[in-house]
C-alpha cells in the first residue's frame with residue numbers, strides 16, 4: 001500500500017493516477033482539501049491560468065477562461081475528489097512516522113496506525129509564517145495572514161513586505177478605505193509581483209494613496225504604534241506582517257530524508273521523485289523546502305511529478 005500525505009492539488013492528482021493504475025493507497029491530510037489555500041485572501045486571483053492549474057485531465061470551467069479565484073479553485077478541487085470518488089481522510093494529521101526494519105513504514109495519526117510499503121509526501125511548502133522575532137509580534141492587532149479588507153476600513157494599517165501577499169493586502173485595504181503604509185526591506189516593490197498588481201501599487205505609491213517606506217523594517221510593535229529600525233515611531237491600529245511562510249519539515253526529519261542547504265530542501269531523484277530514503281517520495285511544492293527568497297516552484301511546475309512517481313511505483 002502507498003501512503004499519500006497531503007491533499008493539495010498535486011496530492012489529489014496523484015491519488016487519481018494511483019486509483020487509475022489500480023495501486024492500493026491511503027490518502028491523509030492534517031486539514032481540509034487544499035489546506036493552505038483556505039487561508040488565502042477571499043476572492044484572491046491565482047497567478048496561473050486555469051489550464052495550468054487543472055489536474056487529472058479535468059478542465060477548470062470559469063466564465064472568463066483565464067485565472068480562477070480562490071473560491072473557484074477550492075470548489076474545483078472538491079469536484080475532482082467527488083468525480084473520482086477519492087477516499088481522502090481529512091483532519092487526520094500524521095503525528096509520527098518511521099521506517100521499519102523490513103523497509104516498510106508506520107504512520108500514526110490520532111485515529112489509528114497505518115502500515116505502508118511506500119510514502120509520498122505532498123505537503124506543500126507553506127505551513128507557518130516566517131516570524132520576524134521582534135517584540136509585540138504576538139499582539140492581538142498583529143496578523144501574519146490577510147483574509148479580507150473590510151475589517152480595516154477607516155483604520156491605519158501597516159503592511160510589512162513587498163511581494164504578492166503584501167501588495168495585494170495593501171491594494172485591497174486602500175480600496176476599502178484604510179490608511180495604508182507599506183514597509184519593505186528592499187529599495188522598491190519586488191518586480192516579480194503579479195503583473196496586474198505591480199503597476200497598481202506603484203501608482204498608489206506615486207499618487208500618495210499608499211505611503212511606502214523602503215529599506216525599512218519594524219523592530220518593535222506596540223499597542224498603538226510601531227518602531228522602525230530608523231528609530232522612527234509611527235501610530236498604527238493594525239499590523240499585517242506578510243513576510244513569507246516556511247515549510248514544516250517534521251515529516252521529512254522523522255523519516256530520515258536529507259534536507260539540504262539553508263532552505264532545507266529534501267534530496268530526491270528528479271526522474272522518480274524518490275528521496276535518499278528508499279520508498280519515500282516527494283511531490284508538489286514540497287520540493288522547495290523553505291527558501292529565504294520567494295517560492296519559485298508553483299503548482300503548474302509540479303504536474304510532471306505525478307507520472308514520475310506512478311512509473312517508479314509501477315516498476316517496483
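Of note:
- Spin-label pair residue 52/residue 311, simplified geometry with 7 Å Cα→Cβ offset, distance in nm: 2.3
- As a rough footprinting exposure proxy, the listed residues 19, 118 were ranked by other beta carbons within 10 Å of their own, and the order from fewest upward is 19, 118.
- Using a Gaussian network model of the chain in which every pair of alpha carbons under 10 angstrom is joined by a spring, one finds that among 288, 49, 192 the greatest mean-square fluctuation is at 192.
- The chain: calculated mean residue ellipticity at 222 nm from DSSP helix runs of at least 4, using -39500 (n - 2.57): -6500 deg cm²/dmol
- The stretch between residue 79 and residue 230 holds 49.3 nm of extra length on full extension. This uses 0.36 nm per residue minus the Cα-Cα distance.
- Overall shape: prolate for the range 53-112, with the ratio a/c of the largest to smallest alpha carbon gyration tensor axis at 1.5 or above and a/b above b/c.
- Simple spin-label estimate for residue 148 and residue 248 in nanometres, 7 Å along Cα-Cβ: 2.7
- Of all DSSP beta bridges in the range 174-286, antiparallel share, percent nearest 5: 65
- Given the alternatives (1) 71, 45, 27; (2) 83, 50, 30; (3) 62, 44, 34, Cα extents along the principal axes in Å as computed for this entry is given by (3).
- Mean separation of Cα pairs under 8 Å and 6 or more residues apart, divided by the residue count, gives the chain a relative contact order of 19 percent.
- Rounded to the nearest 10 degrees, the inclination of helix 164-175 to the longest alpha-carbon principal axis of the chain is 40 degrees.
- Degrees, to the nearest 10: 9-20 long Cα axis against longest axis of the chain: 20
- Nearest 10 degrees, 0 to 90: helix 70-83 Cα axis against the chain principal axis: 10
Each reported figure results from applying straightforward, stated rules to the coordinates on display, with no laboratory input. Treat the numbers as computed from the prediction; the structure is a model and nothing was measured. Reconstructed Cβ throughout: ideal geometry from the backbone, glycine too, with neighbour counts over all protein chains shown.
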